[in-house]
Amino acid sequence: AAADRGKVEIRTDVAPGLRCQVDEDLLGSVLVNLTKNAVEAIEGDSGTVAIRAEPREDGGALIEVADDGVGVAPDDMERLFTPFFSRKEAGVGLGLCVSRRIVEQHGGTLAVESEPGRGTRVRVCLPDVQCRQVRMEGEA
């Protein structure tokens, strides 16, 4: 995998001033898991993981982790959140299941879109009661 050779580029695009009232440890573990999955999905000489966070029109926030890795087979999509399901050699199969539960405990949703051979996009949507965008010092 490209991750073994250190040739995965991680790009971030976080809206300035975006603030969400969440359990930092729990939601942090979700982001670590999603990013780790994305990096591990990249094969070949190199690849890209893009992490984006922005406000939604309804006042909530969208956090997205996307990769240009191998993607998920259509038959596996419906089983992604099943405990102990994994296609990884050393995978336990709890990461996405636990991540979805944490996001749901925050009142949000976690959804996966994937195309085999082209990559995967995971979208975490958090509700408006928890997120806001604040004006940063010096902004007009």
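General remarks:
- Sites C97 and L18 - FRET efficiency at Förster radius 25 Å, r taken between beta-carbons, to 0.05: 0.40
- Cα Rg, Dmax (largest Cα-Cα span) when computed across the stretch 1-66, Å: 13.6, 41
- Stokes-Einstein diffusion of the stretch 50-114 at 20 °C, 1.002 mPa s viscosity, Kirkwood radius from Cα pairs, rounded to a whole number: 160 µm²/s.
- Computed over the chain, the alpha-carbon pair-distance distribution with 10 angstrom bins reads 12, 40, 33, 13, 2, 0, each value a whole percent.
- Whole-Hz ³J(HN,Hα) from phi, Karplus 6.51 cos²θ - 1.76 cosθ + 1.60, for the stretch 84-95, glycine and proline x: 6, 8, 7, 9, 7, 4, 9, x, 8, x, 10, x
Each reported figure results from applying straightforward, stated rules to the coordinates on display, with no laboratory input. Bear in mind the structure is a predicted one, so any value in this text is a computation, not a measurement. Every residue, glycine among them, receives a Cβ derived from its backbone with ideal geometry; neighbour counts consider all protein chains shown.
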